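What follows is a set of notes on a single structure, which appears directly below.
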Amino acid sequence: MYHLREVNRQDMNTINKWRNKKELIDTLCAPYRYINFEVDQAWFDDYMKSRNGTVRCAIVNDNDNNAILGLVSLTSINSINKTASLHIMIGDKSNQEKGIGTFAVRELIKHAFSNLNLHRIELGVLNYNTRAIHLYEKIGFKKEGIKRQAVFKNGDYHDLIIMGLLKDEFNIYIL
């Protein structure tokens, strides 16, 4: 079915195509901008130098020659407070609403709590990204606050919902 593996240099062609899809970036907190391949290569090189504070995984389809379907990451890992920020991107619309995101988020959170000994995972999600909010709530994330008009996209400001999940709130057996 699916599995996670660390992102590698060969994934950069696909990831660069996704990061240049305006309709995809419009659902994420990142600003849309044209990103050339060299920028993404440098992004990968920076990741390889900062693996102590970041985990970046490709979501891979076992049944399709290990085709990359998305990217799920833990960033800003803080070993003192035992926290990290979660990010996910499913690259092609045809792969959305198939449970791929749920699988990837659950697997990475299991890894975070079981292997990295983290205590808290947090994230920010745009108020209009209802599919993502539903996914996070299904996993167990709680809405903790709203940063009003915090993200500028397509000529308008949008609210950013802050969500968090504590280790003792996460049940690895549900879903």
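The values are calculated or read from the model by the stated rules, or taken from the named source; none is laboratory data. Predicted, not measured: the structure shown is a model, and the values here were computed from it. As a convention, Cβ positions derive from the backbone with ideal geometry for all residues, glycine included, and neighbour counts pool all protein chains shown. We work out accessible area using only protein heavy atoms, side chains counted, and drop any ligands, DNA or RNA first. Shrake-Rupley method; radii C 1.70, N 1.55, O 1.52, S 1.80 Å.
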Which value, in Å² rounded to 10, gives the accessible area of ASP26 with a 1.4 Å probe and all protein chains present? 30 Å²
Answer label, with Cα Rg over 2.2 N^0.38 Å calculated from the coordinates and candidates (1) 1.00; (2) 1.06; (3) 1.56: (1)
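Counting only helical runs of four or more DSSP H residues, what would the 222 nm mean residue ellipticity of the chain come to if each run contributes -39,500 (n - 2.57) and the total is spread over all its residues?
Details: 5 runs with 50 residues, N = 175.
Counting only the DSSP helices, I get -8500 deg cm²/dmol.
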Distant-in-sequence amide H partners of ALA150 (H built 1.01 Å from N, under 5 Å): HIS158, ASP159, LEU160
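Of the accessible area of the chain, with the probe set at 1.4 angstrom, what percent is carbon plus sulfur?
Numbers: 4750 of 9820 Å².
Answer for the chain: carbon and sulfur cover 48 percent of the accessible area.
Over segment 117-160, average the accessible area per residue using a 1.4 Å probe and give it in Å², no decimals.
Numbers: 2680 Å² over 44 residues.
Spelled out: the 1.4 Å probe surface of segment 117-160, per residue, equals 61 Å².
So for PHE37, PHE113, what's the accessible-area order with a 1.4 Å probe, most first?
Details: PHE37 70, PHE113 10 Å².
Accessible-area ranking of PHE37, PHE113, largest first: PHE37, PHE113.
I'd like to compare 147-156, 76-85, 134-143: which one has the highest average count of other Cβ atoms within 10 Å, and what's the full order after that?
Details: 147-156: 11.6, 76-85: 14.5, 134-143: 17.1.
Going by the mean number of other Cβ atoms within 10 Å, highest first, we get 134-143, 76-85, 147-156.
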Sequence-distant or interchain residues sharing an amide H contact under 5 Å with LEU69, placed H: which? ILE59, VAL60, ASN61
Given the candidates LEU135, ILE68, TYR157, the one whose Cα lies deepest towards the positive end of the charge dipole of the chain, counting +1 at each Lys or Arg C-beta and -1 at each Asp or Glu C-beta, is TYR157
Order the peptides 164-170, 118-124 from the highest to the lowest mean number of other Cβ atoms within 10 Å of their residues. 118-124, 164-170
For segment 151-157, take each phi angle, set θ = phi - 60°, evaluate the Karplus expression 6.51 cos²θ - 1.76 cosθ + 1.60, and give the result in whole Hz per residue in order, putting x for glycine and proline. 10, 9, 9, 6, x, 10, 8
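When only C-alpha pairs under 8 Å and at least 6 residues apart count, what is the relative contact order of the chain, in percent? Walk me through the numbers on the way to the answer.
Details: 276 pairs, mean separation 32.0, N = 175.
Answer for the chain is 18 percent.
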Is there a quick way to get the dipole size of the chain? I mean about its Cα centre, with the Cβ of Lys and Arg at +1 and of Asp and Glu at -1; what is the value in debye to the nearest 20? 240 debye
Under 19 Å from the Cα of LYS110 - aspartates and glutamates, other chains or at least 8 residues apart: GLU6, GLU122, GLU137, ASP168, GLU169
Just how far, in whole angstrom, is segment 121-135 from segment 1-39 if you go by their alpha carbon centroids? 18 Å
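At 1.4 Å probe radius, can you tell me the per residue accessible area of segment 16-92 in Å²? All intermediate terms of the calculation are to be shown ahead of the outcome.
Numbers: 4130 Å² over 77 residues.
Ligands and nucleic acids excluded, the figure is 54 Å² per residue.
Using 0.36 nm times the number of residues separating THR102 and ASP26, minus their current alpha carbon distance, what extension gain do you get?
Values: separation 76, 0.36 × 76 = 27.36 nm, distance 2.01 nm.
Gain on extension, THR102 to ASP26, equals 25.3 nm.
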